[in-house]
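Here the structure comes first, spelled out in structure tokens, and everything after it is commentary.
The values are calculated or read from the model by the stated rules, or taken from the named source; none is laboratory data. Source: prediction; values computed, not measured. Positions of Cβ are generated from backbone atoms using ideal geometry, with glycine treated the same way; all protein chains shown enter the neighbour counts. For the accessible areas, the whole protein counts, side chains as well, though only heavy atoms, and no ligand, DNA or RNA atoms are used. Shrake-Rupley method; radii C 1.70, N 1.55, O 1.52, S 1.80 Å.
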Amino acid sequence: MGTVLGAANKEANGSALEKKPTVVFVLGGPGSGKGTQCANIVEHFGYTHLSAGDLLRAEIKSGSENGTMIQNMIKEGKIVPSEVTIKLLQKAIQESGNDKFLIDGFPRNEENRAAFENVTKIEPKFVLFFDCPEEEMERRLLSRNQGREDDNIETIRKRFKVFLESSLPVVEHYETKEKVRKIDAAKTVEEVFEAVKAIFALENDKVTPPVSSSSIL
Ligand code: UDP
Ligand code: MG
């Protein structure tokens, strides 16, 4: 029985029958536009969007035994243990039926990164990094009204601190591997998406025509 992530183990055993999924990590501070741009990328390039934060919030809602712990960590802007997040990501990958994923908002620290690599044996194709000044991110978070318990000024400050101290080192790690594709995320949604498209085109990702399209692409 094959699952996409089982492929990694098989390969280690010497029988690489299944292909590992393609993964692009989408990183950037809170409010840098990861979720918004991922929705655009899904539409144009046929990826499945996996937001680690959304998966964790769904886990809280589902009433799982980890729910309260996750809820408390999110409220404090802390990073949920890797094991929990990675399990949710693996499950979503297996259930998707796709082989191309945007993993948004993960890995958030070096431990997340190393654990994901060890468990899945997946290396990202590249890392999309949304670079945005803190004042702009703060403005967006305070005006987005998504009813999130962590979009208040107190938690926002904590999230910024965690981003600088724990998440930026992950970007730096991938910089040493020349995998980071940095985008100026302080511009409009349309302008940022133009830059995003240029990157996916350079990475040889084919544009997927809209389902309703009558074009003969
Ligand atoms: N979170 C986490 N691990 C992850 C992703 C998210 O612990 O891999 C938690 C963390 O507390 C974070 C919160 O979920 O502050 C919200 O994350 P999300 O990515 O949804 O927020 P964003 O950065 O997009 O505003
Ligand atoms: Mg998000």
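Results, tabulated for the structure shown:
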{"quantity": "FRET efficiency for ASP131 and THR208, using Cβ-Cβ distance with R0 set to 30 Å, rounded to 0.05", "calculated": "0.65"}
{"quantity": "Solvent exposure ordering (accessible area, 1.4 Å, most first) of ARG181, ARG157, ARG108, ARG113", "calculated": "ARG157, ARG108, ARG181, ARG113"}
{"quantity": "Carbon plus sulfur fraction of accessible area for the chain, probe 1.4 Å, in percent", "calculated": "51"}
{"quantity": "Computed Kirkwood radius, in angstrom, where 1/r is averaged over Cα pairs of the chain", "calculated": "18.2"}
{"quantity": "Given the chain, longest segment not containing exposed loop GluC sites (Glu not before Pro) (DSSP; at most 11 other Cβ within 10 Å)", "calculated": "66-148"}
{"quantity": "Average accessible surface area per residue within the chain, 1.4 Å rolling probe, Å²", "calculated": "54"}
{"quantity": "Helical mean residue ellipticity (222 nm; -39500 (n - 2.57) per DSSP H run of 4+; nearest 500) of the chain", "calculated": "-15000 deg cm²/dmol"}
{"quantity": "Long-range HN-HN contacts of HIS49 with modeled amide H, under 5 Å", "calculated": "LEU102"}
{"quantity": "Solvent accessible area, Å² - PHE163, 1.4 Å probe, full protein context", "calculated": "30"}
{"quantity": "Zone of LYS19's modelled label, taken as backbone nitrogen in the range 192-208 under 16 Å from a point 7 Å along Cα→Cβ", "calculated": "203-208"}
